[in-house]
Each structure stands twice: as structure tokens, then as C-alpha cells.
Amino acid sequence: MRQRLAILGSTGSIGVQTLDIVRENPELFEARILTAGRRWELLAQQAREFDADAVVIADKNCYAPLRDALADTDTKVYAGEEAVAQVAAAGGTEVVVNALVGYAGLAPTVAALGAGKKLALANKESLVVGGEYVMRVAAEHRAPILPIDSEHSAIFQCLAGERSAPRRLIVTCSGGSLRDVPREALADVTPEQALRHPQWSMGAKITIDSSTLVNKGFEVIEARWLFDMPAERIDVVLHPQSIVHSMVEFEDGAVKAQLGSADMRIPISHALFYPARAERPGERFDILGHPQLTFAAVDRAKYPALDIAYDCLRRGGTAACTMNGANEVAVAAFLGGRCRWTDIVRTIEAALQRAAFAPHPAPDDYAAADAEARLLAREFLKC
Ligand code: NDP
Ligand code: MG
């Protein structure tokens, strides 16, 4: 039987590549539900191509044009962020691909897991904001989470078939677009510069997060929850070639790594096909084309975001939720030309200093912590 998919964020970088996999394997997958934030034209086009049962546009202002564009089809059209979570939980699909960006991904993650669905998770912010809560819901409903983030997919693949708990997770880091920019020059970096990632072509927000290493900090938090590994046993190493996607060390001293091209369709396929493997067309990885794989320590002074993320993990509660909310506001401000690149981490620090802290958050506390972090970030940036 074909797996029926809900693809949340189908118009984004991960969403579009997920649809490439569906297109390559029509006998295995059906895209039944598609959602977007604002880009209703592309969503309408996708709905037609895949003959979707339903689409959701999060921005209610885009509802009317989307409805009109699909008026001659059977596709149901909904609008609003709540509707995204509703379709994640609704019947008619077995798998939810969460390719949303930011805090908006949390409610749909919880909704999908609460309905016992398999969750192919790209939206790392779900786990950053409410990792403990998300993992609890997954366990209660026996709902599997398959990571799409390349580092976590690599770790998942290294852990496959192992019976002993690993000793250490080693998350690799490309260093992002500003890897070779000296520290003194960072205050003058433009959005265009920061958006030019050397290896990966991704959505704007994660590309900026990669340049500050907020993304790597988030990935440490993501790994903590996905693999139930304490922060002190998760390391980050700089690996500019982005060929080794991450590693796992075991108690006997063995280290396993997963290697391959920097192509997100590989981890997306892994999540969709697991425990099988896809037969993907195209060029094969040639190790001889990569004679030099290098590894180095991360410059913690240039990239304070990494230590901030570790600190949030140690504090637990709503700390990482505050970090995420402030980061979202600051990244949007930087992209809009309203603050400097160096203000992103300063905004996070200011929000963390001032925000209320809930050590044992109830589900509603995440929304409150997120709202407060955004307010504090806007106050700090005066925007
Ligand atoms: P994009 O910005 O390219 O896409 C985001 C998607 O979410 C789009 O479909 C967008 O719609 C939709 N969206 C945005 N805001 C909202 C909202 N408030 N409510 C509902 N939908 C919304 O992001 P990426 O694909 O790059 O990233 C998605 C997730 O995957 C992120 O968490 C990222 O960290 C993670 N990830 C991404 C990787 C990559 O290679 N891109 C690699 C590893 C992880 P619209 O198009 O209308 O704006
Ligand atoms: Mg990643």
C-alpha cells in the first residue's frame, strides 16, 4: 500500500525536495496534504500536480486567491496556523513531514505525534523549544520520529543495529557562510554575504542560523532529545567539506561515521523509506573526489551561540524556547536590514537575561515563553 503523506511547508526548501522524492516514487508515496505560509501560487500548482486532498495556507490573507485558484478541483482549502496542526492530526495520512520553519512547527509536531503518526522531522525548532514535551508525546503514542536534519539522520544511521548505548555523539559543522570572515569584520556582514552558504542551499532562516552557529547549537539540543544523550556527551567539530555528516563513538573505542554528498534528498529519503533504502537516480558519491577531509575545533569566541545553546540545555525548562524566540526575531530583523549580524547573538543574550524561566513547563508555558522572548527581542532591537 502507498504511504499517504502530509507535507507541512511543502513550498520550502525541504518541502520541495520531499515532493521530488514523491515524484520519483509514485508507486510508494502519495502527497495527500500540502501546506504553505504565504506562497499560495506555488501551493496551488503543487496541489494540482499531486492531486492533493487538502491544502492549508497559514496566512489567512492568502485564503481567497488560493481558493479561487483551486475552485475547479476537488482539493479542500483551509487557512490559519491552527488548521496546519489540525491537518497534521487528521485521518487520511500515515506520515507527516514537518518541513515548517521556526516555532510554528511545534503545534503540528505535537498534533502529528498525538495522533500516533510517523513524523519525518525537519523542523528542529520543535525539539529546541519543547524537546522534553515532544519526546513524551511521541513515547505515549508510540509514534516514531525519523530525523531529516542531515547530522541527526547520520547519527540515526550510525546507531542502527547497535545494542549498546553510544559513548559520544560528534556533530559535524560546516562553519557556515562566514567561516572565513575574521571576527573583527562580522559586524559589517550583509544579509547577501551571510546567505551564501558554501555547501548547502537552504531556506533563508537556517542559512543565517548556520552563519551564527545558532543552528549548530540547536542541533546539539535536537540530538539531546532525539537520542536521549546528555549535553556533555555531545561534541561539535568543524568539518568544512560537509562530507562526514556526523559520527558516533562507542564504548569500545569504535567510531562510526556517515558520509555522502551534501544533498538533503538523501536524509529525506532515509526518513521516508526507513527501514528500507530508496533507489535514487543520479550521480554516485566518489570518495576519490574528496581526498582531504579535515576536522578542527570550533572557535567558541567567534561563535558564542554554541555555548549559549549548551547553557540552555543545562538550564532546561523554557530556556531554549526563549533562545529560539529571540533568535527568530533577530534573524528576521537582520534579513530586513534592521540590525547587524552581531546583534543576533546579543539579542538572544539579552532575552535570556530578562525572560521569566519556567523550570518544569506545562504545554502552555512554551507559548508564553516564546511570546515573551519575541517581545524582549523587539525591545532590545527597538524594532
Ligand atoms: P523554508 O523557509 O525554505 O520553508 C519553510 C516552509 O514553511 C515554507 O513552506 C513556508 O511557506 C512555510 N512557513 C513559513 N512560516 C510559516 C508559518 N508561520 N506557518 C506555516 N507555514 C510556514 O525552510 P527550510 O525548508 O529551509 O527549513 C524547514 C525546516 O527544516 C527548518 O526547521 C530548518 O531548520 C530545517 N532544515 C532545513 C534544511 C535545508 O536544507 N533547508 C536542512 C536541515 C534542516 P512559504 O513558502 O509560503 O513561505
Ligand atoms: Mg543540519
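The values are calculated or read from the model by the stated rules, or taken from the named source; none is laboratory data. Here the structure is a predicted model, which is why all the values come from computation and not from measurement. Virtual Cβ from ideal backbone geometry, glycine too; neighbours counted across all protein chains shown.
A few notes on this one:
- Checked against (1) closer than 20 Å to I206 by Cα; (2) among the polar types (S, T, N, Q); (3) free of Cβ contacts under 8 Å to residues at least 40 places away in the same chain, S13 meets all criteria but (3).
- All of (1) assigned to a loop (DSSP other than H, G, I, E, B); (2) surrounded by 15 or more Cβ atoms within 10 Å (Cβ to Cβ) hold for E162 with one exception: (2).
- From L178, L146, L169, residue being assigned to a loop (DSSP other than H, G, I, E, B), modelled with pLDDT of 95 or more and either surrounded by 21 or more Cβ atoms within 10 Å (Cβ to Cβ) or within 14 Å of ligand 1 (Cβ to nearest atom) (or both): L178
- Test: residue in region 215-235 that is at pLDDT 95 or above, in contact with a Ser or Thr (Cβ under 7 Å, 6 or more places away or on another chain) and not in a strand (DSSP E or B): no
- Whenever a residue of region 326-341 is outside the structural domain of E184 (by TED's automatic domain parsing) and farther than 21 Å from P182 by Cα, its partners that are modelled with pLDDT of 95 or more and among the acidic types (D, E), lying with C-beta atoms within less than 8 angstrom and at least six residues away or across chains, give the pairs N327/D209; A330/D343; A333/D343.
- Meets criteria (in a helix (DSSP H, G or I) and exposed (fewer than 15 other Cβ atoms within 10 Å of the Cβ)) for L186: no
- Flag if T18 is in contact with a strand residue (DSSP E or B) (Cβ under 7 Å, 6 or more places away or on another chain), within 16 Å of ligand 2 (Cβ to nearest atom), in the same structural domain as G105 (by TED's automatic domain parsing) and touching a residue at least 40 places away in the same chain (Cβ under 8 Å): yes
- The set of residues from region 249-287 being free of Cβ contacts under 8 Å to residues at least 12 places away in the same chain, among the basic types (K, R) and closer than 20 Å to L159 by Cα comprises just one member, R277.
- Residues considered: L66, L100. Of these, the only one that is closer than 14 Å to G37 by Cα, in a helix (DSSP H, G or I) and outside the structural domain of N215 (by TED's automatic domain parsing) is L66.
- Residue list for region 248-284, filter: aromatic (F, W, Y) and in contact with a strand residue (DSSP E or B) (Cβ under 7 Å, 6 or more places away or on another chain): Y274
- Taking region 30-63 as the range and being assigned to a helix (DSSP H, G or I), out of contact with any Pro (no Cβ under 6 Å at 6 or more places or on another chain) and of a type outside the set (A, V, I, L, M) as the test, the residues that pass are E41, Q45, Q46, R48, E49, F50, K60, N61, C62, Y63.
- Single residue of region 212-239 satisfying the filter (touching a Pro at 6+ places or on another chain (Cβ under 9 Å) and among the charged types (D, E, K, R)) that is nearest to ligand 1 (Cβ to nearest atom): E222
- Considering region 199-211, and only residues there that are within 11 Å of ligand 1 (Cβ to nearest atom) and buried (at least 23 other Cβ atoms within 10 Å of the Cβ), the residue that is nearest to G337 (Cα to Cα) turns out to be I208.
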